[in-house]
1. What is the residue count in segment A:45-71 for residues that are farther than 28 Å from residue A:14 by Cβ, exposed (fewer than 13 other Cβ atoms within 10 Å of the Cβ) and either under 23 Å from the mean Cα position of the chain (by Cα) or modelled with pLDDT of 90 or more (or both)?
2. Contact list please: Cβ distance under 6 Å, first residue in segment B:5-17 and surrounded by fewer than 14 Cβ atoms within 10 Å (Cβ to Cβ), second residue modelled with pLDDT of 75 or more and of a type in the set (A, V, I, L, M), pairs at least six apart or on different chains.
3. Would you call residue B:263 buried (at least 24 other Cβ atoms within 10 Å of the Cβ) and not aliphatic (A, V, I, L, M)?
4. Could you identify the single residue in B:245, B:258 that is within 15 Å of the chain's Cα centre (by Cα) and on the phi < 0 side of the Ramachandran plot?
5. Taking residue B:134 and the conditions (1) under 26 Å from residue A:48 (Cβ atoms); (2) at pLDDT 90 or above, which numbered condition does it fall short on, given that it satisfies the others?
6. Looking for whichever is surrounded by fewer than 21 Cβ atoms within 10 Å (Cβ to Cβ) and of a type outside the set (Asp, Glu) here; the options are B:113, B:164, B:134. Which one fits?
7. Starting from segment A:135-152, take each residue that is within 14 Å of another protein chain (Cβ to nearest Cβ) and list its partners that are among the basic types (Lys, Arg) and in a loop (DSSP other than H, G, I, E, B), counting only C-beta distances under 6 angstrom and pairs at least six apart or across chains.
8. Please determine, by comparing only the residues of segment B:146-158 that are touching a helix residue (DSSP H, G or I) at 6+ places or on another chain (Cβ under 9 Å), within 8 Å of another protein chain (Cβ to nearest Cβ) and not in a helix (DSSP H, G or I), which one is modelled with the highest pLDDT.
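The values are calculated or read from the model by the stated rules, or taken from the named source; none is laboratory data. Because the structure is a prediction, the values reported are computed rather than measured. In this analysis, Cβ positions are derived from the backbone assuming ideal geometry, glycine residues included, and neighbour counts consider all displayed protein chains.
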Amino acid sequence: MAIERKPEPKWVMVVDADRCSGCQACVVACQAENNVPLNTDAIFNQKRAHEWIRIERYWVSGDPDKRPDEVDFKNLKVKFLPLMCQQCENAPCEPVCPVYATYHNDQGLNVQVYNRCIGTRYCANNCNYNVRFFNFWEPVWPETLRNQLNPDVTVRSRGIMEKCTFCVQRIRRGDRLVKRENRDFKDGDVTPACVQSCPTGALAFGNIKDEKSAVAKMAHDDRHYRLLEEQGTGPNVIYLKKVDLHAAEDKAHE
Amino acid sequence: MQDRVVLGHTPQEVDARINRELLTNVLYTERRYWIIVGFLALVVALAGGAVGYMVNKGIGVSGLHRPVFWGFMITNFVFWVGISHAGVMLSAILRLSQAEWRRPATRAAEIVTVFALMTAILFPIIHSGRPWRTMYWAFPYDFARGIFPNVRSPLVWDPTAITTYLTSSIMFVLVALIPDFAVARDRTKGVAKAIYSVLAMGWRGTPRQWRLQIVAGFLLSALILPVFVSVHSIVSWDFGIAQSVEGWHSTVFAPYFVIGAVHSGVSAVVTVMIILRWLFHWENYITKDTIDSLGRLLIVVATAWFFFFFIEILYSIYTLEDAELGLRKMQFFEAPYSWLFLTFILTGYFIPVPLWLFKNVRRSFKWMFITTILVNIGMWIERFLIIVPGLARKQGLTFSWSTYHPSVIEILLVIGSFAFVSMNILLISKVIPLIPIYDIKEGEILKDEIKIGKVTVPAAKREE
């Protein structure tokens, strides 16, 4: 007897680099939603800051002969790259963990089991995107922030690895909702904190198996690419290229 | 021309003298021995305190950060696994090939192996975020939750390979020790005698016992060789399979690491033997011939290592990948890595090897001591240069590029590991003779001289 099972959704995030203004609202939202340890000055200077999603900022020189730090600010362009765990299909972090603390689940997520983790940090070494964060210290929140902690998310102790989960607690809530209403996932059932907070709508999240979803449509956009695709990791975050009007103009002048 | 030490004129005289001189430290103790051991114990205690502090406070007390998650401790781990390859290289291979000059060197080499491995295996454990939980991983089955370890991970292969190697090298040492335990048993009283009696396992020196002991020694030598090759290959795969780190994912790593391990290991054995010779007055046993032969062996090993080192660079540059080229450029030309690289290449190869070509250097204890220490400085830096630059400049996204500075705690742990190995070797020398007594005696019996023309050349008889 075969058990009838609904096909599992496959979660994908789309980042439209053209819309990103680098405001870091997603970073703050993520910090609040996921009980990410506070990045104090000291921890930041130790280069041990936790940012499950971070905005990588790249300066681009408008003058092809000069490095970005040599040109005048008028010729300087900035590019923002919001970067979170890419939930790789063929994740390099997974095979190297000796205790199966990180594995792939049915919904295409690369999940981290905090309880199993022993902190070899091998997964972080083998991550192309540097999006795994190690708890070098026991995380401490000031008394005033005690009620701010999200009860749905584990507070990670020191000595273990953590990373973006695509707000797995919200996905689980969506799972229960869909089951209760006995229907398939539709857009808006699950919204990670970063997507919810993005003022310019640069981030989108959804089930790519659902052809009607926004992400499925955006995945076929002309501008789409995946980060470090040549490494063969199969990221589940799709980026849409920044359209540089000035670059097009410059080209026309040449 | 070899110069052979005459230990006595009758066989009984020779026997008695060997027993007396090689058992000196087991039966009596000099004052300077305790001073040295005491000092080393102090350093070990300090490092032990550092470990305790790190376990208590967290890995935060090290200089590690994102993305350089592995640093001094893993470098040190690879270094000590490398040193441990000396024992088998010298002992098993030379025993199988019946090289006569191996006799005084084998036990010291095996003991270095055992303690280097024990020290090495400590490092991945204390280096993990939750060392108290690492037992789930080092003892490979989590019974409580029925989770089998991830056999795809090199970190499961590592403990498996290292514990196999540790077990087999301890067996190897013990089998070779049985006749010497019997000698010690016959010369001690009270509790010591009782312990040696158990360890000697009823050794009476009958022909059958000798035959069995020799067969066991040969069998273990042959069986341990594949383990020896596999251990450092597996350690190299910690890096070799990491596809995301430029400079790590090289297919040539396994043979490169093995031969590098032999290079640093044999050098370490020479260093240890010269120290022991000075400490325990073994001038009659560790002779200029011994280090001369080891020096010649080292020239070959070092050059073979250099070949692999060269093709490793060649392979990486041959790809013409920007990432790989950028990494190599940083390693060779950008401070501080360029200074480390220069030190490494000079001390690891270009200073010692040309010096070893001179007979006067090979036959000088002082120079062999200096050059072998230099080799190990170089080989330590080599491991560092393999591990850290690739992580610091992980290619692709340049935003997270970083560098690495070890903390005081990490430096203490590295110094402590050296003290720990030295202290253990000295402590074990109180219990077992570090030069195999029976082996030396056998060598004395097999001594022969051949006349070639007008010259008399020392030689050895061989039983077929």
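1. The number of residues fulfilling the criteria is 1.
2. Here the result reads B:8/B:14, each pair linking segment B:5-17 to a residue that is modelled with pLDDT of 75 or more and of a type in the set (A, V, I, L, M).
3. Values: buried (at least 24 other Cβ atoms within 10 Å of the Cβ): yes; not aliphatic (A, V, I, L, M): yes.
So residue B:263 passes the test.
4. Details: B:245 fails: within 15 Å of the chain's Cα centre (by Cα).
Going through B:245, B:258 in turn, just one is within 15 Å of the chain's Cα centre (by Cα) and on the phi < 0 side of the Ramachandran plot: B:258.
5. (2)
6. Details: B:113 fails: surrounded by fewer than 21 Cβ atoms within 10 Å (Cβ to Cβ); B:134 fails: surrounded by fewer than 21 Cβ atoms within 10 Å (Cβ to Cβ).
Answer to the selection: B:164.
7. A:135/A:156; A:135/A:158; A:136/A:48; A:137/A:158; A:138/A:158
8. Of all residues in segment B:146-158, those touching a helix residue (DSSP H, G or I) at 6+ places or on another chain (Cβ under 9 Å) come to B:147, B:149-151, B:153-158.
Next, only the ones that are within 8 Å of another protein chain (Cβ to nearest Cβ) stay: B:147, B:149-150, B:153-156.
Add one more test, that the residue is not in a helix (DSSP H, G or I), and what stays is B:147, B:149-150, B:153.
Details: B:147: 72, B:149: 83, B:150: 86, B:153: 91.
The qualifying residue modelled with the highest pLDDT is B:153.
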